[in-house]
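The values are calculated or read from the model by the stated rules, or taken from the named source; none is laboratory data. Bear in mind that the values here come from a model prediction, so they are computed numbers and not experimental data. Virtual Cβ from ideal backbone geometry, glycine too; neighbours counted across all protein chains shown. Accessible surface areas use protein heavy atoms only, side chains included; no ligands, DNA or RNA. Shrake-Rupley method; radii C 1.70, N 1.55, O 1.52, S 1.80 Å.
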Amino acid sequence: MEYQLLSRQKINHVRGFIVYQECENQGQSAMEYLLLKKKLENDWSPPKGKRERKSDGKWENEIETARRETNEETGLIEGVDFKLLHHNICFQYTNPSNIRKIVTLWPAKLQSSCVKVIRLSQEHEEFRWFKTDEGIKIIKDEYRAALKQAINRINNS
């Protein structure tokens, strides 16, 4: 019997939050979603990143990764600045470098309305609060369906 070896594809586990806020504008309530733009890239995506090992050598769990990455990239802290919704969105894709990304995102609502200031990490050059339609148009292609799914879950919660 003959066996073929399959090439080993690198896999990154990515975790983060789809941070949103409800703002009043001229008497109308509108949702806005926080997206970050990486330096040297034209990609907009929510705060997120890869799992890391903790000081005890164990891997972070999914929520720990999402909390750390969101805080590192935006300065926002769960429980202080935003509240986590407990229904996550999972998807995967392979990037142009042939790295498989397994992504888990949780919707997270800001505690106070209309926060406009975010402390960006050095890996990002810009942040913006996008209204629903704008966010769907500008978000990185691989994340578009997840944002739409998060919007549906937020609207139905």
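Take the residues in region 137-154 that are surrounded by fewer than 16 Cβ atoms within 10 Å (Cβ to Cβ) and farther than 15 Å from I89 by Cα, then tell me which one is farthest from the chain's Cα centre (by Cα). Looking at residues that are surrounded by fewer than 16 Cβ atoms within 10 Å (Cβ to Cβ) and farther than 15 Å from I89 by Cα, I get K137. Restricting N71, N42 to those that are within 18 Å of I136 (Cα to Cα), within 17 Å of the chain's Cα centre (by Cα) and not in a strand (DSSP E or B) reduces the list to N42.
The residues of region 72-89 that are open to solvent by 70 Å² or more (accessible area, probe 1.4 Å) and modelled with pLDDT of 95 or more amount to a single one, E72. Please determine whether any residue of region 50-67 is under 13 Å from L35 (Cα atoms), out of contact with any strand residue (DSSP E or B) (no Cβ under 6 Å at 6 or more places or on another chain) and in a helix (DSSP H, G or I). No: region 50-67 contains no residue that is under 13 Å from L35 (Cα atoms), out of contact with any strand residue (DSSP E or B) (no Cβ under 6 Å at 6 or more places or on another chain) and in a helix (DSSP H, G or I). Within region 46-68, the set of residues being surrounded by 14 or more Cβ atoms within 10 Å (Cβ to Cβ), more than 17 Å from V117 (Cα to Cα) and under 16 Å from the mean Cα position of the chain (by Cα) comprises K48, G49, R51, E62, I63, E64, T65, A66, R67, R68. Assuming I102 fulfils every condition listed in (1) without any contact (Cβ under 8 Å) to a residue 60 or more places away in the chain; (2) outside any loop (DSSP other than H, G, I, E, B); (3) over 30 Å from C23 (Cα atoms) apart from one, which condition is it? All conditions pass for I102, except number (1). In region 7-22, the residues that are assigned to a strand (DSSP E or B) and at pLDDT below 95 reach residues that are hydroxyl-bearing (S, T, Y) and open to solvent by 10 Å² or more (accessible area, probe 1.4 Å) with C-beta atoms within less than 9 angstrom, at least six apart or across chains, in these pairs: Q21/S112; Q21/S113; E22/S29; E22/S113.
Of all residue pairs spaced 6 or more apart or on separate chains, those with beta-carbon atoms under 6 Å, a first member in region 76-88 that is farther than 20 Å from I151 by Cβ and a second member that is open to solvent by less than 50 Å² (accessible area, probe 1.4 Å) and not polar (S, T, N, Q) are E78/L84. Looking only at residues in region 105-136 that are part of a helix (DSSP H, G or I) and among the charged types (D, E, K, R), the one that is most open to solvent (accessible area, probe 1.4 Å) is D133. Taking the criterion of being in a strand (DSSP E or B) and open to solvent by 10 Å² or more (accessible area, probe 1.4 Å), the residues of region 24-39 that qualify are E24, N25, Q28, S29, A30, M31, E32, K37, K38.
For region 120-138, does any single residue satisfy the condition of being modelled with pLDDT under 90, farther than 13 Å from L35 by Cβ and in contact with a Lys or Arg (Cβ under 9 Å, 6 or more places away or on another chain)? Taking every residue of region 120-138 in turn, none turns out to be modelled with pLDDT under 90, farther than 13 Å from L35 by Cβ and in contact with a Lys or Arg (Cβ under 9 Å, 6 or more places away or on another chain).
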